[in-house]
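What follows is a set of notes on a single structure, which appears directly below.
Where a number appears in this text, it was derived from the coordinates with a stated rule and is not lab data. On a predicted model such as this, the values are computed, not experimentally measured, just so you know. Here the Cβ positions follow ideal geometry from the backbone for every residue, glycine too, while neighbour counts run over all protein chains shown.
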Amino acid sequence: MKVNVDKLKEIARPRNEEEQKEADFRRENREWLQISGRLALKIRKILREKGMSQVELAQRLGVTPAQVSKLLSGKVNFELSTLIKLQNALGQKLVYLEDEALALSAS
């Protein structure tokens, strides 16, 4: 029983400053973090389907394997130029825009 009480005390302890900053960041950026995570999973799936390694993707993108690993972490705020480079390197679309959205942005 004592073990459970100790675990509860650990879980219930106040957050330190670093943990609070991380929680605030995740709350403030929840939407793009969710999309980034979904994109990372989609890229991983495409790599698996194509039998392509992260190293090969890095070579196609002209970046280091560490940068590809960061992209696949699900914590990157992707730039449009990066998405286009990824699509070209993978030979597959990652993002689709609805026709209505395109019509609105063109006017």
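Output the relative contact order of the range 2-106, whole-number percent, from Cα pairs under 8 angstrom with separation of 6+ residues. Rounded, it is 26 percent for the range 2-106. Quick one: length gained pulling VAL3 to THR82 fully straight, 0.36 nm per residue minus the C-alpha distance? Result: 23.6 nm gained on full extension.
In the chain, a dipole from Cβ-located charges (positive for Lys and Arg, negative for Asp and Glu) runs towards its positive end, and of ILE84, SER36, ALA66 it is ALA66 whose Cα lies farthest in that direction. You can think of it this way: the chain between LYS42 and ALA66 has 6.8 nm of extra reach, that is 0.36 nm per residue less the Cα-Cα gap.
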